[in-house]
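Q: Mind looking over this structure? Questions follow.
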Amino acid sequence: MASRDQIIQRMARVYREEQGSADIDLSSFAEYLIRNGVKPPPAPTTRELMAKAAKRALKQDIRRDQVTGRPYHGWQAVPHGKDARTGQLSFTYIDADEAPREPMKTALLLKVSMMIDDGVQVTFDAEHWNRVNPKEDPIVVDELLDLRDQVQWRVASRDEESIDDDGGEGSGGDLESPSV
């Protein structure tokens, strides 16, 4: 039997054909799925909603280094084993200002691992697009995957923005909506 995700994936193709559109508006598509008998996922509990809100709030806690003025994430997600019920990886959050070295390193390695996964998928996506569009100039991702120069350019750009904000170093920009 197909999973809900597989059913949705199949129905996306049908929906797109019926709508005559290349893209899918998720709100309209959700209505279509419900109308066509796809059972929605269970509503989250109050505790699950609060945990999700807490996660979002902790991820958005952007602080400024007192010396450099550069932004950093105040809370870091550290893998904490798998949830016995769902089998999904669970996390604890550590304060970056107080974190011991090993959990901090683990949190940073997790972010790097996610970047690598994204790079692998970008490669596969570009290979596929290039194959199905042989008359177009191919999209080349090799040089894009070496991010070292781009990271350094962005760091330098943010340092310049910080100086431009008030004429002094370290003020940074809008703490509410950092471009981190």
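The values are calculated or read from the model by the stated rules, or taken from the named source; none is laboratory data. Since this is a predicted model, take the numbers as computed values, not measurements. Backbone-built Cβ (ideal geometry, glycine too); neighbour counts: all protein chains shown.
Q: If a residue must be over 30 Å from A107 (Cβ atoms) and surrounded by 11 or more Cβ atoms within 10 Å (Cβ to Cβ), how many such residues does segment 35-62 contain?
A: Residues that pass the stated criteria total 2.
Q: Output the residue which, of all residues in segment 46-76 that are assigned to a loop (DSSP other than H, G, I, E, B) and in contact with a helix residue (DSSP H, G or I) (Cβ under 9 Å, 6 or more places away or on another chain), is modelled with the highest pLDDT. Even if it seems obvious, please write down each step before you answer.
A: Step one: list which residues in segment 46-76 are assigned to a loop (DSSP other than H, G, I, E, B), which gives 60-61, 65-70, 74.
So of that shortlist, the ones also in contact with a helix residue (DSSP H, G or I) (Cβ under 9 Å, 6 or more places away or on another chain) come out as 68-70, 74.
Numbers: T68: 91, G69: 91, R70: 92, G74: 97.
Only one residue tops the list, namely G74.
Q: While we're on this one: Just a yes or no: is a residue in segment 113-128 of a type in the set (A, V, I, L, M), touching a residue at least 60 places away in the same chain (Cβ under 8 Å) and either on the phi < 0 side of the Ramachandran plot or out of contact with any strand residue (DSSP E or B) (no Cβ under 9 Å at 6 or more places or on another chain) (or both)?
A: Residues of segment 113-128 that are of a type in the set (A, V, I, L, M), as a first pass: 114-116, 120, 122, 126.
Next cut, touching a residue at least 60 places away in the same chain (Cβ under 8 Å) only: none.
No; the residues of segment 113-128 include none that is of a type in the set (A, V, I, L, M), touching a residue at least 60 places away in the same chain (Cβ under 8 Å) and either on the phi < 0 side of the Ramachandran plot or out of contact with any strand residue (DSSP E or B) (no Cβ under 9 Å at 6 or more places or on another chain) (or both).
Q: Cβ-Cβ below 9 Å, separation at least six or inter-chain, first residue in segment 60-76 and in the same structural domain as F91 (by TED's automatic domain parsing), second in a strand (DSSP E or B) and of a type in the set (K, R): which pairs?
A: R70/R64; P71/R63; P71/R64; Y72/R63; Y72/R64; H73/R63; G74/R63
Q: Free of Cβ contacts under 8 Å to residues at least 40 places away in the same chain and under 29 Å from E160 (Cα atoms): which single residue out of K39, K52, K82, K105 fits that description?
A: Working: K39 fails: under 29 Å from E160 (Cα atoms); K52 fails: under 29 Å from E160 (Cα atoms); K82 fails: under 29 Å from E160 (Cα atoms).
None of the others qualify; the one that does is K105.
Q: Is it true that G37 is touching an Asp or Glu at 6+ places or on another chain (Cβ under 6 Å) and either under 23 Å from S3 (Cα atoms) or in the same structural domain as Y93 (by TED's automatic domain parsing) (or both)?
A: Working: touching an Asp or Glu at 6+ places or on another chain (Cβ under 6 Å): no; either under 23 Å from S3 (Cα atoms) or in the same structural domain as Y93 (by TED's automatic domain parsing) (or both): yes.
Against the criterion (touching an Asp or Glu at 6+ places or on another chain (Cβ under 6 Å) and either under 23 Å from S3 (Cα atoms) or in the same structural domain as Y93 (by TED's automatic domain parsing) (or both)), G37 does not qualify.
Here's the yes/no breakdown for (1) modelled with pLDDT of 90 or more; (2) more than 23 Å from the chain's Cα centre (by Cα); (3) surrounded by 13 or more Cβ atoms within 10 Å (Cβ to Cβ):
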position	(1), (2), (3)
P103	yes, no, yes
A107	yes, no, yes
I116	yes, no, no
V122	yes, no, yes
W129	yes, no, no
V132	yes, yes, no
I163	no, yes, yes
P178	no, no, yes
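Q: Being acidic (D, E) and part of a helix (DSSP H, G or I) is true for just one of D118, D97, D137. Which residue is that? Outline the logic, then answer.
A: Values: D97 fails: part of a helix (DSSP H, G or I); D137 fails: part of a helix (DSSP H, G or I).
D118 is the lone residue from the list that is acidic (D, E) and part of a helix (DSSP H, G or I).
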